[in-house]
Amino acid sequence: MKKLELHWKILIGMILGLLFGFLMLQFDWGKSFVSDWIKPFGSIFVKLLKLIAIPLILASLIKGISDLKDISKFKNIGIRTIIIYVLTTVVAISIGLMLVNALQPGDGVSDETIAKLTDTYSSTSGVQAKIAEATKQVESGPLQFLEDMVPDNALSAMSNNKLMLQVIFFSIFLGISMLLIGEKRAEPLKNFFDSLNDVVLKMVDLIMLSAPYAVFALLASVVVSSDDPDILVALAQYSGVVVLGLLLMISFYVLLVTTITKKNPFWFLKEISPAQLLAFSTSSSAATLPVTMERVTEHIGVEEEVSSFVLPVGATINMDGTSLYQAVAAVFIFQALGLDLTFGDQITIVLTALLASIGSAAVPGAGMVMLVIVLESVGLPPELLPIGLALIFAVDRPLDMCRTVINVTGDATVSMLVAKSVGKLGEPKIKEWDDHYEEVK
């Protein structure tokens, strides 16, 4: 009997999780049962992925740079990566602005819905926390993001997943320094990181054995904790515009893969689908990063010296899905509140969303903080800011799940484009969790 592929197992787990969640909503005790007995298994899975994210970045990035044996190659990869990421983000924001201006979802929101959403969400701790965090970021200096990239303690940076940019900086610095001391002197340290990289990738294989059960738990917990369904229906038009934009971005990625790498787009989507499904379930690019790296390197064939740099950087600075959502959300809020946006304001949205995406935390909810920065840049009155966020807060979680899929897909696409441009896109080399089991049993 043919073994069922991982993406099908995960998809089945997601569907069963959704059905189980809706079933539990029919019982008074269902919500607490899922929270107490089902949700912890999903949380453990996400913790395991986050547990290995930093060691994976450290080991794979240092290994990838030291394997290059030539600093000029690293410069080529780095420059191409940043340029392509910036271009795809601009495309994403532009698609969002075109759709929201053409379809105008904000015009369909009634005053009663605005009042209900304002009463429900404007004073919640979630909204206030996002405003406070965004205010803190806006008040920082123009080069604060560069200062934040450089750690003053490497071990401290490695202890916090939110400081991924600092870990990337340290890893690149260490990798380049290893190149500069010569291959012979760097060999003992290189062997250590090569071995660490193999071990961490094996940990990814083992963790993924539980993925179908974990996404069942994650989706069931999302369903039972969902907000007022009447409000969700009222915001369906806005959500539909965001989802349509995200689907257009998938089409854009598929077009790039087909025309530039000459790979079958359906094959690409099939191979990256486990990472996409996990991105949907966890709403976190950082948590999904180990799986994205494993799929891109082993199943798509991007050589490790490219994937080990492009993907960690992308998980931190490439937020195509989030940037598109911000463009739609900002204009939607202005439309719903009856405020006007000039063409210049919309150009400001493009630039602000692009800059805000650089260094944004690759964790659930970071997009809302970025949105506050975007809204303030186009002059939304401070007293209307809580109301604006309240308008979209109810559907932020499900849309966060969708846009994280785009973020991860964009990272995988750019890694293929960069690899193709430097001759590092080869054939898949799939490894299974039990490849060496016969040696040790």
Just for helices (runs of 4 or more DSSP H) wholly inside the stretch 272-336: which have at least 3 residues that are over 30 Å from residue 194 (Cα atoms)?
320-336
Among the residues of the stretch 12-19, are any closer than 23 Å to residue 254 by Cβ, under 27 Å from the mean Cα position of the chain (by Cα) and free of Cβ contacts under 8 Å to residues at least 40 places away in the same chain?
no
Within the stretch 320-359, how many residues turn out to be without any contact (Cβ under 8 Å) to a residue 24 or more places away in the chain and over 27 Å from residue 411 (Cβ atoms)?
5
Residues located in the stretch 389-441, provided they are outside any helix (DSSP H, G or I), under 28 Å from residue 88 (Cβ atoms) and either of a type in the set (Phe, Trp, Tyr) or in contact (Cβ under 8 Å) with a residue 24 or more places away in the chain (or both)
395, 422, 424, 425, 426, 427, 428, 429, 430
Are there any pairs, at least 6 apart or on different chains, whose C-beta atoms fall under 8 Å, with the first in the stretch 265-288 and touching a residue at least 24 places away in the same chain (Cβ under 8 Å) and more than 18 Å from residue 213 (Cβ to Cβ) and the second among the acidic types (Asp, Glu) and in a helix (DSSP H, G or I), and if so, which?
283/400; 285/411
Can you find even one residue in the stretch 78-85 that is under 13 Å from residue 176 (Cβ atoms) and in contact with a Ser or Thr (Cβ under 6 Å, 6 or more places away or on another chain)?
no
Does at least one position in the stretch 205-212 carry a residue that is outside any helix (DSSP H, G or I), at pLDDT 90 or above and of a type outside the set (Asp, Glu)?
yes
Which ones in the stretch 187-202 are of a type in the set (A, V, I, L, M, F, W, C) and buried (at least 19 other Cβ atoms within 10 Å of the Cβ)?
193, 200, 201
Enumeration of residues in the stretch 43-76 that are hydrophobic (A, V, I, L, M, F, W, C) and over 14 Å from residue 171 (Cβ atoms)
44, 45, 46, 48, 49, 51, 52, 71
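The values are calculated or read from the model by the stated rules, or taken from the named source; none is laboratory data. Just so you know, these numbers come straight off a predicted model, no measurement behind them. Note that each Cβ is placed from the backbone with ideal geometry, even for glycine, and that neighbours are counted across all protein chains shown.
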